[in-house]
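The values are calculated or read from the model by the stated rules, or taken from the named source; none is laboratory data. Source: prediction; values computed, not measured. Glycine gets a Cβ as well: all are built from the backbone with ideal geometry, and neighbour counts include every protein chain shown. SASA here: full protein model, heavy atoms, side chains in, ligands and nucleic acids out. Shrake-Rupley method; radii C 1.70, N 1.55, O 1.52, S 1.80 Å.
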Amino acid sequence: MTVPMLPGLIIAVLVIGALLCALLPRPRTVAQAALVAGLVAGALALWLAVAVWTRGPVSATWLQTLPLGLPASLAVEVDALGALFLVLLAVVPVAALLYAQGYLDGNPLGDTRRFYALFLLLMAGMMTVVMAADWILFLLAWEIMGLSAYLLVMWDWRSSANTRAAWVYLLTTHVAGSGILVGACALSLVSGDFSVAGTTAALHGLFAATPAYAHLLVGLFAVGFAAKAALFPLAYWLPGAHAAAPAPVSAVLSGLMVKMGIYGMIRLFVFMLPDDPGARLAWGLLLATLGTVNMVVGNLRALGEQHAKRLVAQSSIGQIGYIVLGLGMAVALAGRAPLLSAVAFAGALYHLINHATFKSLLFLTVGAVEHYSGTYDLRQMGGLLKALPFTAGLTLLGALAIAGTPPLNGFASKWLLYRAAVFGGVELPLLAIYGVIAIFISTVSLAAYLKYFGTVFLGPERECPAGHGGSESPAMSASLGILGTACVLLGLFPAPVVQAALAALQAAPGVDLYGAAAVTGADVMGTALGGAGYQPLMVVLALALCALLVWLIRRLATEPVRLTEPWFGGERLPVSEARYGSEHLYKTFLARWAAVLRPWWQPTFHAPPALARVIDLDRWLLGPIYAGFQALAGLAGRWHGGRVKGYVGWQVLATVVLIAVLIGMEGGLH
């Protein structure tokens, strides 16, 4: 088997696995088949990524020509950027599939089939998106990804809230995503084909001939990618969709699917945008501004949430802001400060990888809590540390990672973004302001997750009769352990990750503008910008010494620890009244930011009356057909009166009619 065969083989494994999941007879067999398909596809994707990093880009053409004379072919090409995304797509979905073995255990066969088949199709769609070298294939995979995600969000279709959340997601991303279709078609008219390389050259020509039209096309692409990435102001679909989806789906949607929008932005602004300083500055500052708004809005709204899944989802909006801020800084500083541009890009891609791990981990911990307690309401939970100790430990790990606590992975990527923003302020002072805001918002993110961890796991335990209870599932715990280990390793060894990000940047046409060829991952994490750099192992040593010092002081204390009941001014209060719940936290702070927490725009979709009548198939098509069948069924019921003579009469009549028809046909033939 040759390396160019791997892209097609990956997709074939996932599609065949989805078909098997739809046909297998037992729920457990379906779940195991999906896990095997995910593991095989993930192993092949890792093989392909390693081949790209060691041998260079891999390309293949599945169809040379398309029907209807379309000037396109189904072609794939995997470069260093695509390889980096393939690694994420090989690891996170497999962890989610492993988690689902325990999370969905006991569900009916139909629901289980539907979940795993759609999940594998979602994986296939995302992997094809990052491998596509032609806009036709890209858009086909984009639609498969979007429709699979829509059906997974409304997996529990019996809930009207879930179906509405799925509908809002589908309509928002598809209406905005039509900009990608329009932009690709417009560029293909200039280039003569739908290849990414051809349309990129066409865009460069349009910037030279008609800059306004070229900026319009870039804007159309950007809107489509921004909606998928949940970028402000198109992020309103994300909290509802994540709250409705099962926990493994939420982990993949937040950890990976929204990153497909970021992938599109990288391709657009780094690989397709021409070497035009004015265009790069304008689009870069716009991205950096929108990213900063995302950071503020997402994290502040997470602080005010009482629904555990919505809290983590709002936080996803905030973390996407960090990634887009880094990408915007890289684009804006390209050509002005190449080294800082490379650092900003490396920080953005590094944080994208980190977010895929710790956000998936946090969504899966929320699912484990809901699986045990039967609720997502933080006001009804508490004291689950004894019941779910492993989940509690991994929740704390994920919370510290997402808040940027050293030596975990979140700190390393945010540290690069902070440095790029502060030093970039010399060239563009606005970036320094955005950097200060990013540092402040990290503390807000930590406060939100301390609220989640404290109210769920600490304090007196509350009764949760609606959940499954019992001990922690081995499959779910193993999945959490895999992602938690990734958070630690990505934090302790940042240089290889940064090197992979720089390799992705070196594949861009204007590599000299970004300075990626002049530095290595070790330089970026070290002394490239001056100072001692970041040494995570030294941080671990310092933290270990501090922990040892605290332990010695505690051991040398003369007074033993004495446990006592809380004092309430001499009054005895029941635990339910004395408990400090999630709704009591940060009330003063949240009151000052009430304008941000209030929904700014919650779109409602109402079709015009004439259009509503046209698309109401139940009224003018399906309803009459159903009524006709009902009438026929009623007539048949009246004819079947239970009398043998009546049945014999109908048989005789049918025989006579059949003979007459046959005689007529015979005569007609002669």
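Here is how the numbers come out for the structure above:
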item: Normalised contact order of the chain, rounded percent, pairs of Cα under 8 Å and 6 or more residues apart; result: 12
item: Accessible surface, per residue, of region 232-285 when the full set of protein chains is kept, probe 1.4 Å, Å²; result: 18
item: Cβ-derived FRET efficiency at R0 35 Å, His584 paired with Asp111, nearest 0.05; result: 0.40
item: Dipole in debye (nearest 20) - the chain, about Cα centre, beta carbon charges: Lys, Arg +1; Asp, Glu -1; result: 1200
item: Furthest towards positive pole of dipole, Gly179, Leu63, Phe411, structure part the chain, Cβ charges; result: Phe411
item: Linear extension gain, Val50 paired with Thr443, 0.36 nm per residue minus alpha-carbon span; result: 137.8 nm
item: Förster-model FRET efficiency, 41 Å R0, Asp377 and Leu189, C-beta, rounded to 0.05; result: 0.15
item: Per residue value of the accessible surface for region 110-152 (all protein chains in place, 1.4 Å probe), Å²; result: 22
item: Flagged links, alpha-carbon separation over 26 Å, of Lys386/Lys587; Lys259/Lys587; Lys228/Lys359; Lys359/Lys451; Lys414/Lys587; result: Lys386/Lys587; Lys259/Lys587; Lys414/Lys587
item: Sorted peptide list for 650-661, 16-27, criterion being average Cβ within 10 angstrom, highest first; result: 16-27, 650-661
item: Exposed trypsin sites (Lys or Arg not before Pro) absent: longest stretch of the chain, with sites in DSSP loops and at most 12 other Cβ within 10 Å deemed exposed; result: 159-385
item: Of all accessible heavy-atom area on the chain, the percent that carbon and sulfur account for (1.4 Å); result: 70
item: Mean separation of Cα contacts under 8 Å (6+ apart) over length of region 310-373, as relative contact order %; result: 34
item: Angle between the chain longest axis and helix 494-506 axis [Cα atoms, degrees, rounded to 10]; result: 60
item: All-pairs alpha carbon distance profile, region 152-277, 5 Å steps from 0, percent; result: 2, 11, 19, 20, 14, 11, 9, 7, 5, 2, 0
item: Cα centroid of region 415-437 to Cα centroid of region 231-298, whole Å; result: 20
item: Cβ-Cβ FRET estimate between Arg572 and Cys546, R0 fixed at 30 Å, reported to 0.05; result: 0.15
item: Region 119-140 and region 11-90: distance between their alpha carbon centers, rounded to Å; result: 9
item: Leading residue at positive end of dipole, the chain (Cβ point charges), from Met154, Ala222, Leu290; result: Met154
item: Contour minus Cα-Cα distance for Ser159 and Thr2 (0.36 nm per residue); result: 51.8 nm
item: Dipole axis of the chain (+1 Lys, Arg; -1 Asp, Glu on Cβ), positive-most option in Val196, Pro27, Ile663; result: Pro27
item: From the coordinates shown, Kirkwood radius over Cα pairs in Å corresponds to which of (i) 25.4; (ii) 27.3; (iii) 26.2; result: (ii)
item: Rg [Å, one decimal], Dmax [Å, integer] - region 356-483, C-alpha atoms; result: 17.6, 59
